[in-house]
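Values quoted throughout were computed directly from the atomic coordinates according to the rules given, and no laboratory measurement underlies them. Note that the structure is predicted; figures quoted are calculated from it, not measured. Here the Cβ positions follow ideal geometry from the backbone for every residue, glycine too, while neighbour counts run over all protein chains shown.
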């Protein structure tokens with residue numbers, strides 16, 4: 001509530017009472033007891049007319065009293081003078097509230113869409129990373145297929161009719177010998193393994209690029225939400241200031257942002273302001289690059305706009321930076337979880353492969369029932385491929401060694417990410433206290449200004 005209380009206190013205590021300009025002048029600057037019309041804000045720069053003649057162009061953000069509207073035109077009060085203006089760019093406080101709430105709903109819906117897309121992206125990354133490792137594991141496996149070969153032997157006549165083990169005699173006196181040899185087939189060839197890894201790696205890189213884009217979109221949405229809240233807050237305050245003082249409503253708190261800032265009166269240097277000093281200021285209507293500055297209740301001087309920043313502008317920049325810091329911390333924590341998941345995946349796959357080193361030579365049925373054989377394509381019992389699945393133990397050990405090195409690197413990366421998260425948390429804490437220090441300076445300045453204005 002502090003941010004909302006300060007501006008109200010400030011404007012009721014100071015602006016309504018004038019800037020130590022004397023009771024008559026203050027009364028002249030104050031708004032009448034009854035509002036002369038409906039307060040409205042100019043959303044875009046527009047021209048004002050008097051007796052159908054162009055008077056001047058007003059910048060966006062100018063506040064006006066609207067007295068009446070007719071056929072696209074409105075009669076308004078600007079600095080207590082009546083003018084005519086096109087009404088298409090005039091906005092009431094209700095209009096601004098409605099637009100702000102609609103924009104907020106749209107941004108919140110967009111934020112939900114982005115969060116859901118990011119969750120799907122991360123899930124897909126996990127699956128692709130596991131697929132890359134699985135391809136490497138499959139490359140360590142081979143199928144040992146038993147293949148029968150028959151060789152014909154011509155026997156001597158004296159041996160005709162004799163049957164020996166593994167031989168059979170034909171009618172013409174020839175014998176045949178059947179032998180079984182193991183024919184090895186890679187579960188996935190080296191070329192196919194490399195091709196598949198390239199494909200999966202390309203998919204993973206595309207997902208990572210997409211995640212980075214989604215993160216940037218999320219930052220923009222969060223910044224838009226924060227900007228909308230602050231803009232609406234500042235607009236509400238501006239309408240209140242205008243209703244209280246329709247001449248000097250642009251006066252606001254400013255902070256000095258340059259070292260040893262010079263202030264002038266009639267082009268002569270009359271003082272210097274330290275960096276961080278709080279002042280009251282309002283735009284110079286004649287020169288856009290200059291401000292009318294009040295460092296004390298009884299002194300109005302001129303200062304170059306570049307050396308000052310209004311509190312609303314500073315607040316917006318500070319909170320935008322804070323959102324960026326919070327987003328960076330969230331993304332760093334997300335990266336840490338991705339690294340941790342990858343580390344665990346390597347660990348699980350390594351354990352599985354290590355256990356399978358003991359399965360060398362065990363039989364594994366490649367196909368069964370009436371389904372087609374994955375090797376020869378023959379259905380059912382006609383296929384003779386009861387194969388042995390074997391593991392290339394040397395290759396498997398090389399992979400396990402490589403994976404252990406990768407896990408060591410991942411441990412180092414996770415350590416670095418944890419340190420980064422800690423540093424970001426400290427930065428956010430410092431930003432919070434920096435903001436509170438500026439609020440304390442506001443309190444001190446307002447208390448001092450009020451005492452000087454009251455002559456205490």
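Worth pointing out:
- Per-residue Cβ neighbour rank within 10 angstrom, fewest leading, 308, 239, 287: 287, 239, 308
- Inter-label distance, residue 244 to residue 117: 4.4 nm, where each label sits 7 Å from its Cα along the C-beta direction.
- Ascending count of other beta-carbon atoms within 10 Å, so fewest first, for 290, 65: 290, 65
- The stretch between residue 448 and residue 80, if pulled fully straight at 0.36 nm per residue, gains 129.3 nm over its current Cα-Cα span.
- Full extension of the chain between residue 210 and residue 333 yields a length gain of 42.5 nm, computed as 0.36 nm times the residue separation minus the alpha carbon distance.
- Whole-angstrom gap from the stretch 413-456 to the stretch 106-156, using each part's C-alpha centre: 53 Å
- Of 219, 397, the sequence from fewest to most neighbouring Cβ atoms within 10 angstrom is 397, 219.
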